[in-house]
1. With the radius of gyration and the Kirkwood radius both derived from the Cα set of region 3-81, what is their ratio Rg to Rh?
2. Compute the helix-to-body angle for 50-62: its Cα long axis versus the longest principal axis of the chain, expressed 0 to 90° and rounded to tens.
3. I need the Kirkwood Rh of the chain: take the reciprocal of the average 1/r across all distinct C-alpha pairs and report it in angstrom.
4. Measure out, as a whole number of angstrom, how far apart the alpha-carbon centroids of region 23-57 and region 69-116 sit.
5. Cut-off is 10 Å between beta-carbons; in what order do 12, 19 appear when sorted fewest neighbours first?
6. State the answer as a single residue: which of 150, 78, 92 lies farthest towards the positive end of the charge dipole of the chain, with beta carbon charges of +1 for Lys and Arg and -1 for Asp and Glu, about the Cα centre.
7. What size of dipole, in debye to the nearest 20, comes out for the chain about its Cα centre when the only charges are +1 on Lys and Arg C-beta atoms and -1 on Asp and Glu C-beta atoms?
8. Restricting to region 4-154, what percent of DSSP beta bridges are antiparallel, rounded to 5?
Amino acid sequence: MDLTIDIGDYRLNVRAAALIIHNNKVLTHKHVKKDHYCLPGGRIEIGESSEETVKREIQEELGRKIKIEKYITTIENFFEQEGKKYHEIYFLYKAEFENEEDKKIDYTMQNKEGKDYLQYYWLDLDKIDEYNILPNCIKQVLKSKEIPRHIINKDN
């Protein structure tokens, strides 16, 4: 069961994501009918650590195993989507594919769990300001030489 709880006007999400970078490009996913990109990951399940979530989600979505290299940051993310207010706790980890051949992937990947509306793109870090990446503070994290420990992001 996902850690998603409706409380009053808000939905509380607890999410974890992977930051995977190859050849100066970052792996993202995008819903084909939406105008923004996100880092791959998903909601934490009850009793599951945020690191376990990232590994599980990448395995389910891409059919690939990853290793966690390090914790990057926690983001308190406040936003609205489809008329619903969200308060999201977002854990971000630097990760890498375990398989050496997977580290050579530079093409758009398809979702492996039947979610045809999700596609996985590599975005050029030199052009990162040209992309709509959510939460918006992810660009700050990608550009930062220092690793932030806690970020509060308010998109509304």
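Laboratory data are not the source of any read-out in this text; all were calculated from the coordinates shown. Every value quoted in this text rests on a predicted model; they were computed, and no experiment measured them. Cβ placement follows ideal geometry from the backbone for every residue including glycine, while neighbour counts extend to all protein chains displayed.
1. Numbers: Rg = 13.6 Å, Rh = 14.0 Å.
Checking Rg against Rh, the ratio lands at 0.97.
2. 60 degrees
3. On the way: mean 1/r = 0.0626 Å⁻¹.
In the chain this quantity evaluates to 16.0 Å.
4. Value for the Cα centre distance between the two parts: 2 Å.
5. Details: 12 13, 19 23.
Least to most surrounded, the residues fall as 12, 19.
6. 150
7. On the way: 26 positive and 30 negative charges, 52 e Å.
Computed about the Cα centre, the dipole is about 240 debye.
8. On the way: 33 of 49 bridges.
Beta bridges within region 4-154, antiparallel portion: roughly 65 percent.
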